[in-house]
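Each reported figure results from applying straightforward, stated rules to the coordinates on display, with no laboratory input. Everything numeric here is computed off the predicted structure, so don't read it as measured data. Cβ placement follows ideal geometry from the backbone for every residue including glycine, while neighbour counts extend to all protein chains displayed.
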Amino acid sequence: MGNESHDSSEVGRRAFVASSAVAGVGAIAGCLDDLEQRLTGDGGFGDDGTFTGDATVTHWPDLMYNAPYHVALENGYFEEEGIEIDFVGSEGGGTTVRNVVDGGLPFGEVATPAAINAYLAGTPIVVVAGATRTVDEINWVAPTGSEIESIEDLEGGTMGFTSAGSVTETTAALVSSNVDEIDPESVEFQEMGGVGEGVTAVEDGAIDAAANMDPIYSDQQEEEETWQVVFWAGDYVDRFQQTSIIVDPDVVEEYPDAVETYLDARAQGIESLREDPEAAAEVFSDGAEGFSTEVMRDAIENVDPDEYYTTGEFDVEGLQNVEEAMYATDLLDEDEDIPWDEIFDQSFLDEDDHIDFEEI
């Protein structure tokens, strides 16, 4: 089994993600009196809920989180809401949160654990909506013919994840701690930096299993670059609030209509995707580049859009699993509680969609 050391994985997970997020706090605190100064480009807000500028979505433009945005852009839903927007990418985890904070971006879809950790580290953000609530697109793979054929074969082995605070890190820890087949203390987790880096590492024998996900996995299958699936995360975790939408607190206070119109445009993208996944696959393929319509169709089918995407509502079980995973990865101290009502703002959601955070 692979046992090559990667120094970045030895950094304390909580400290690493926290330092990434806090790096932007000073920049924000220094000019809280001028929101427009912090925004990128020549854009800004109008008093009627309009907005022109940039936003970020984790792993833009090609992972599954991004499909509703491509559909919303193509169908003019943002434009209809008075929003002229460009999306910029990031590597995921704490990096996406940092892009929102340091980059002066008012909106971002980020890994929920990274958002929580950033808030606890002092980063001024508000979580205003849920985005994805299962992990059905994520799997761990080994080279075809490898002796690593199932999760029990990872006993004493190494699992790669993408980045600190990412969903692949927290999901890996949650799965390994909740299955009877292995002792989680025997598994070493190593940060890879991205899906491609992880696949390369497992191919080279540096790790035993690498995090992979759709549409990358479906594309590899089409290209006959087959990988041996060790396990699918969704087989062990039913609900997981993968990603959520964060907003600059000043935007929430000064331009609430812009937050509402942004969320409405995204929700329309989801509804359109659910109603016509074939058309959505074509739009997603055009926007992501490098993936065929057939691959995107397979990837959309694999995640089950009705379950995977949320038009804004949060999921109690999904947040419970986020909390458990954060304890498992030391993103939360043993005696630390998440102040849900401080971090999460449900005022932009329909009242029928509100959850009781005391149930978590």
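Rounded if a/c is under 1.5, else prolate if a/b beats b/c, else oblate: with a ≥ b ≥ c from the C-alpha gyration tensor eigenvalues square-rooted, which is region 134-246? Don't jump to the answer; show the numbers that get you there.
Details: a/c = 1.40, a/b = 1.07, b/c = 1.32.
Rounded shape, in that the Cα axes give a/c under 1.5.
Could you tell me what percent of the DSSP beta bridges with both partners in the chain are antiparallel, to the nearest 5? Don't skip to the end; give the middle numbers.
Values: 22 of 37 bridges.
Bridges in the chain are about 60 percent antiparallel.
Rounding to the nearest 20 debye, state how big the charge dipole of the chain is about its Cα centre with +1 on each Lys and Arg Cβ and -1 on each Asp and Glu Cβ.
Values: 9 positive and 87 negative charges, 199 e Å.
Around 960 debye, computed over the chain.
Which percent, to the nearest 5, of DSSP beta bridges fully inside region 136-235 are antiparallel? Don't jump to the answer; show the numbers that get you there.
Details: 9 of 15 bridges.
In region 136-235, approximately 60 percent of DSSP beta bridges are antiparallel ones.
Grab the DSSP H runs of the chain that are 4 residues or longer, score each as -39,500 (n - 2.57), total them, divide by all residues and round the 222 nm result to the nearest 500 deg cm²/dmol. Please report the intermediate quantities before stating the final value.
Details: 17 runs with 148 residues, N = 360.
Roughly -11500 deg cm²/dmol at 222 nm, from the helical runs in the chain.
Any idea what angle helix 277-288 forms with the longest principal axis of the chain, computed on alpha-carbon atoms, 0 to 90 degrees, nearest 10?
90
With an 8 Å Cα cut-off and a minimum separation of 6 or more residues, compute the relative contact order for region 136-235 in percent.
Normalised by residue count, the contact order of region 136-235 is 49 percent.
Can you tell me, using C-alpha contacts under 8 Å and at least 6 residues apart, the relative contact order of region 227-359 as a whole percent?
Details: 75 pairs, mean separation 39.4, N = 133.
The value is 30 percent.
Kindly state, to the nearest 0.05, the FRET efficiency for Glu289 paired with Glu203, given R0 = 22 Å and r defined as their beta-carbon distance. Could the numbers behind the result be given before it?
Numbers: r = 24 Å, r/R0 = 1.09.
That pair, Glu289 with Glu203, gives E of 0.40.
Sorted by mean Cβ packing within 10 Å, highest first, what order do the peptides 158-167, 177-186, 197-206 take? Numbers along the way, then the final one.
On the way: 158-167: 29.2, 177-186: 13.1, 197-206: 19.0.
With the highest mean Cβ count within 10 Å placed first, the list reads 158-167, 197-206, 177-186.
With axes computed from alpha carbons, what is the tilt in degrees of helix 195-204 against the longest principal axis of the chain, rounded to the nearest 10 within 0 to 90?
On a 0 to 90 degree scale, this one is about 10.
Dipole size in debye (nearest 20) for region 136-235 around its Cα centre, Lys and Arg Cβ +1, Asp and Glu Cβ -1? Can you show the working numbers first?
Numbers: 0 positive and 25 negative charges, 58 e Å.
Value, rounded to 20: 280 debye.
Extension gain Asp235-Thr52, at 0.36 nm per residue separation less the Cα-Cα distance, in nm? Walk me through the numbers on the way to the answer.
Details: separation 183, 0.36 × 183 = 65.88 nm, distance 4.10 nm.
Stretched fully, the Asp235-Thr52 segment lengthens by 61.8 nm.
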